[in-house]
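Before any comments, here is the structure.
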Amino acid sequence: MPRYVVVAGIDFGTSFTKVVLRDNNTPGSKAVVVPFPQRPDGLLPSLVGIQGDKLMAPTFPEGVDYVPYLKMLAAHIAGGENFGDAPIRTPVALKALLRSRTDLELARDLLALYFAHVIAATEDFIRNDSPWRDFDFSPKSSDDFLIFQLGVPTGLLADGGKTERLFREAFIAGYELRREVDVKMAIARPHSMWSKGVDKALNGDKGDLDKRFEWQCLLYPEVAAAVQTVFRSPNARDGLYITMDVGAGTVDLNAFRRFSGHPGDRRTKRIAQLDYYSAIVCPLGVQNLKDPHGAVELRSKEQIRQELRQSLRTLYGRAIRYQPNNRDLRRRTWDDATFFIFGGGARYSGYRNNFIAGLEEAGINHPQAHNLPEANDISCPRRVEFGRFAVAYGLSFFRPSLNTVSLPHELEPFAKLYPEIANRPPKPYGFNWDD
């Protein structure tokens with residue numbers, strides 16, 4: 001029996017990356033936010049600096065050029081675009097690095113460098129400032145395990161798994177090269193040397209690599225990670241939920257139900273269950289309205305308003321295929337749902353207003369948008385709300401114990417999944433096809 005099984009949940013955000021640690025082997029232990037060099041608030045810029053032919057990430061000195069919105073950019077490259085055609089502008093200095101690498105290889109290099117810094121800083125924090133300072137990092141230790149789990153932007157681009165493959169390879173390479181970077185994030189690395197290291201880390205049979213990293217450097221769809229947060233928080237309650245996570249690049253929407261076991265089944269009475277009804281990832285984040293890097297084309301508030309409300313109507317339309325909105329004289333099923341808004345962009349009033357308006361247009365009576373309550377098993381940095389760490393919090397639970405979810409493009413309508421009973425009258429609320 002291992003002593004510690006610490007899981008590092010990494011929310012690789014469009015603007016900032018967050019890491020939350022949790023010992024999954026000690027019931028009742030608290031989760032911990034990882035601070036970074038020059039970033040004690042735990043919000044690490046998602047950037048890679050370029051200094052001539054050198055790379056550094058992400059707390060670079062003034063005057064160094066940088067690649068912004070690395071997550072979104074890498075997803076576009078994985079989907080077949082190149083740096084010149086992607087909707088995110090990159091610095092001229094990046095072009096020189098393409099002389100020796102393909103666009104996909106360079107994207108992998110940049111991601112691996114960033115992940116290596118995040119992993120190195122996390123291990124340094126565990127050694128020196130965490131509740132697990134006696135953690136045994138020796139290679140053959142069977143007492144302590146540290147597992148890294150990364151949220152990936154699956155669902156934004158239907159690319160047949162190419163995004164996941166790119167992020168998985170870069171994540172593994174970053175883990176393998178974590179001791180090659182400066183934990184203080186102040187020393188640049190020559191790109192030529194770094195790229196050779198990445199190639200060496202990934203060299204060999206892909207099956208052997210996957211087997212070796214079967215329980216390390218795991219991926220999870222970030223759109224569903226926030227669902228796990230609402231689902232697993234010690235102060236979570238049963239019921240229907242619609243959530244909106246507003247980031248810099250995307251807005252993630254989810255509709256689901258949390259319930260404690262199936263009615264009448266004593267064996268599962270205390271085990272929380274998840275019915276996952278609908279998910280949408282839409283590229284409507286804050287960077288579309290206010291871009292501090294000048295790297296994307298801005299859009300009008302009216303465009304964002306229309307598309308966001310349509311996405312909410314679509315989300316709800318899909319959700320009621322699984323959980324019908326049964327009517328009575330006063331209230332309906334989804335009128336009693338809980339509606340959470342969180343993420344770095346949640347403080348912008350336009351998103352909150354459109355969240356409420358979109359739900360009303362979908363057919364929900366008098367919805368109220370609430371901030372995500374802070375889980376009582378985590379201490380967040382001062383003046384940073386819990387919603388900024390929601391995805392990392394959800395990812396701090398070991399993936400094999402996370403509830404099964406379907407990715408946005410995998411969710412099929414009820415009639416397609418169960419045609420033989422699709423036309424039957426819906427059961428009363430509390431009993432759906434999963435029951």
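Every number in this text was worked out from the coordinates using simple rules, so none of it is lab data. Since the structure is predicted, the reported quantities are computational estimates derived from the model, not experimental observations. Note that each Cβ is placed from the backbone with ideal geometry, even for glycine, and that neighbours are counted across all protein chains shown.
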Rounded to the nearest 0.05, FRET efficiency between R127 and H293 (Cβ-Cβ, R0 30 Å) equals 0.35
Nearest-0.05 FRET efficiency for T102 and S138 at R0 = 25 Å, using Cβ-Cβ distance, is 0.10
The relative contact order of segment 4-220, taking Cα pairs under 8 Å that sit 6 or more residues apart, comes to a percentage of 25
Ranked output for segments 220-229, 164-173 by mean other Cβ atoms within 10 Å, highest leading, reads 220-229, 164-173
Measuring from the longest principal axis of the C-alpha atoms of the chain, the long axis of helix 349-362 (C-alpha) lies at a number of degrees, nearest 10, equal to 40
Expected max-MSF residue from P58, P91, P35 in the GNM of the chain (alpha carbon, under 10 Å) is P91
With Cα springs under 10 Å, the Gaussian network model of the chain assigns the largest mean-square fluctuation among F386, F125, F137 to F137
The chain: relative contact order from alpha carbon pairs under 8 Å, six or more residues apart, as a whole percent, is 19
Mean Cβ-within-10 Å packing, highest first, puts peptides 308-318, 110-120, 280-290, 250-260 in the order 110-120, 250-260, 280-290, 308-318
Excluding near-sequence neighbours (fewer than 8 apart on one chain), segment 4-220 holds lysine pairs with C-alpha atoms under 17 Å apart numbering 8
Computed over the chain: longest principal axis from alpha-carbon atoms vs helix 103-128 long axis, angle to nearest 10 degrees, is 90
Taking Cα atoms only, helix 162-176 is inclined relative to the longest principal axis of the chain by an angle, in degrees rounded to 10, of 50
For segment 176-264, the percent of all C-alpha pairs falling in each 5 Å bin, from 0 up to the bin holding the max distance, is 3, 9, 13, 12, 10, 12, 14, 11, 8, 5, 2, 1, 0
Rounded to whole angstroms and listed largest first, the alpha-carbon spread of the chain along its three principal axes comes to 69, 55, 44
Protection proxy (average C-beta count within 10 Å per residue), highest first, orders 9-17, 72-80, 140-148 as 9-17, 72-80, 140-148
Once both label points are put 7 Å beyond Cα along the C-beta direction, the D85-D335 separation in nm becomes 5.1
per DSSP, antiparallel bridges as share of beta bridges in the chain, % nearest 5, sits at 65
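In percent, how large is the relative contact order of segment 282-380, given Cα pairs closer than 8 Å and 6 or more residues apart?
28
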Ordered by fewest other Cβ atoms within 10 Å, a rough proxy for footprinting exposure, M185, M193 read M193, M185
